[in-house]
1. For Phe220, are the conditions met, namely being more than 26 Å from Gly277 (Cα to Cα) and of a type in the set (A, V, I, L, M, F, W, C)?
2. What is the residue count in segment 35-94 for residues that are within 16 Å of Leu202 (Cβ to Cβ) and not hydrophobic (A, V, I, L, M, F, W, C)?
3. Specify which of the listed residues (Lys236, Lys273) is of a type in the set (Lys, Arg), under 29 Å from Leu54 (Cα atoms) and more than 16 Å from the ligand (Cβ to nearest atom).
4. Kindly indicate the residue of segment 217-226 that is over 16 Å from the mean Cα position of the chain (by Cα) and more than 12 Å from Leu63 (Cβ to Cβ) and also nearest to the ligand (Cβ to nearest atom) among those meeting that condition.
5. Pick out the one residue from Ser287, Ser232 that is closer than 30 Å to Gly17 by Cβ and surrounded by 12 or more Cβ atoms within 10 Å (Cβ to Cβ).
6. Checking Ile214 against (1) assigned to a loop (DSSP other than H, G, I, E, B); (2) over 17 Å from the mean Cα position of the chain (by Cα); (3) within 12 Å of the ligand (Cβ to nearest atom): exactly one of these is not met. Which one?
7. If the Cβ limit is 6 Å and pairs must be 6+ apart or interchain, which residue in segment 249-260 that is under 15 Å from Gly46 (Cα atoms) pairs with which residue that is assigned to a helix (DSSP H, G or I) and more than 9 Å from the ligand (Cβ to nearest atom)?
8. If Ile251 meets every condition in (1) within 18 Å of the chain's Cα centre (by Cα); (2) of a type in the set (A, V, I, L, M); (3) buried (at least 16 other Cβ atoms within 10 Å of the Cβ); (4) within 16 Å of the ligand (Cβ to nearest atom) apart from one, which number is that one?
Amino acid sequence: MSWPSYITYRGLALPPGAHSEESLEYAQHFSVEDTDVFAVTYPKSGTTWMQEILPLVLSEGDLTPIQTIPNWDRVPWLEEKRLKEVVHKLSSPRALVTHFPFRLMPQSFFSSKAKVIYVMRNPKDVLVSSYYFHQMAAFLEDPGTWEEFIDKFLEGRVMFGKWTDHVKSWKHTDLGDRIMYLTYEQMIQDLPAALRLIANFLGKKLSEEVIKKIADHCSFKSMKGNMMSNFSLVPKMYMDPDKSQFLRKGIVGDWKKHFSSEQLAHFSSTIYKEMEGENFTLPWNLSDTAEVADVHT
Ligand code: PPS
């Protein structure tokens with residue numbers, strides 16, 4: 001099956017299938033409620049993980065949603081066609097995810113009290129994860145070689161545009177205490193601690209027992225075994241697990257197996273150049289060459 005090319009919406013390239021002009025307009029006019037919670041991510045930064053975590057935190061550990069509802073209906077994407085079909089089934093407080101940059105959030109979002117959890121991941125691991133995802137997802141453009149994909153990513157010739165633009169857009173908001181920043185690496189390092197931060201931000205008082213229960217159910221292993229979360233319900237013609245699994249490795253630092261020293265220098269200097277003059281620093285040392293194997297994918 002061959003897919004039509006990406007849609008361009010207000011300067012952003014998006015894959016067809018899940019997105020349409022109509023779904024993007026629907027998102028613009030979506031009526032945000034004060035109690036809504038958005039997990040915002042650049043693709044491959046921890047979206048699916050948050051689709052597991054948010055319902056569990058908001059319901060104080062009720063497993064029913066994660067065991068009975070596919071992740072895309074449980075915590076739908078704001079920008080995808082599916083939202084319109086399932087919005088009436090969402091119970092309050094609603095949890096949604098989006099890959100939108102700040103400027104594309106619905107008009108009603110800006111005047112609401114809705115909260116945002118912005119999850120960032122080391123862009124070197126985002127790139128690796130995305131490279132494999134492009135190989136298994138038929139609705140995405142051919143990534144080309146690893147070398148070519150590095151440049152596509154750095155130049156923003158990928159879905160949802162440049163990683164640096166996304167991060168900058170969400171770092172320059174005036175949302176005050178409506179936004180919380182979290183990294184994928186923090187969640188890997190100490191998931192219960194990350195869950196406590198999330199619960200606190202959402203005004204939920206969870207016992208240590210509930211935190212442990214949520215952490216167990218949100219482990220990579222548990223999610224990989226949960227057919228409501230591991231994308232095994234998606235037909236192979238759209239996502240082919242023989243090419244790569246959606247829940248692929250779930251680790252920090254897989255980039256070390258992919259970047260050569262030259263590629264790493266090029267990648268980190270490009271990102272650092274785009275971050276020049278910003279009033280925030282990235283929580284990773286991108287030019288760290290320690291442990292780089294001279295391996296090319
Ligand atoms: S998408 O397509 O944007 O929705 O992808 P996204 O869910 O943001 O990112 C997919 C990567 O997140 C990893 N993942 C996890 N890692 C650790 N623990 C848990 N529980 C978990 N859930 C998802 C997933 O494996 C993808 O990363 P890679 O590096 O490819 O394994």
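The values are calculated or read from the model by the stated rules, or taken from the named source; none is laboratory data. This is a predicted model, so every value here is computed, not measured. Using ideal geometry, Cβ is built from the backbone for each residue, glycine included, and neighbour counts are taken over all protein chains shown.
1. Working: more than 26 Å from Gly277 (Cα to Cα): yes; of a type in the set (A, V, I, L, M, F, W, C): yes.
Yes; evaluated as a whole, the condition is true for this residue.
2. The total comes to 14.
3. Details: Lys273 fails: under 29 Å from Leu54 (Cα atoms).
Criteria check complete, one pass: Lys236.
4. In the first step, residues of segment 217-226 are kept if they are over 16 Å from the mean Cα position of the chain (by Cα); the result is 217, 219, 221-222, 224-226.
Narrowing further to those that are more than 12 Å from Leu63 (Cβ to Cβ): 219, 221, 224-225.
Numbers: Ser219: 6, Lys221: 8, Lys224: 8, Gly225: 11 Å.
Checked segment 217-226; the qualifying residue nearest to the ligand (Cβ to nearest atom) is Ser219.
5. On the way: Ser287 fails: closer than 30 Å to Gly17 by Cβ.
Residue meeting the stated conditions: Ser232.
6. (1)
7. Close Cβ pairs satisfying both conditions: Val252/Glu185.
8. It is condition (3) that Ile251 fails.
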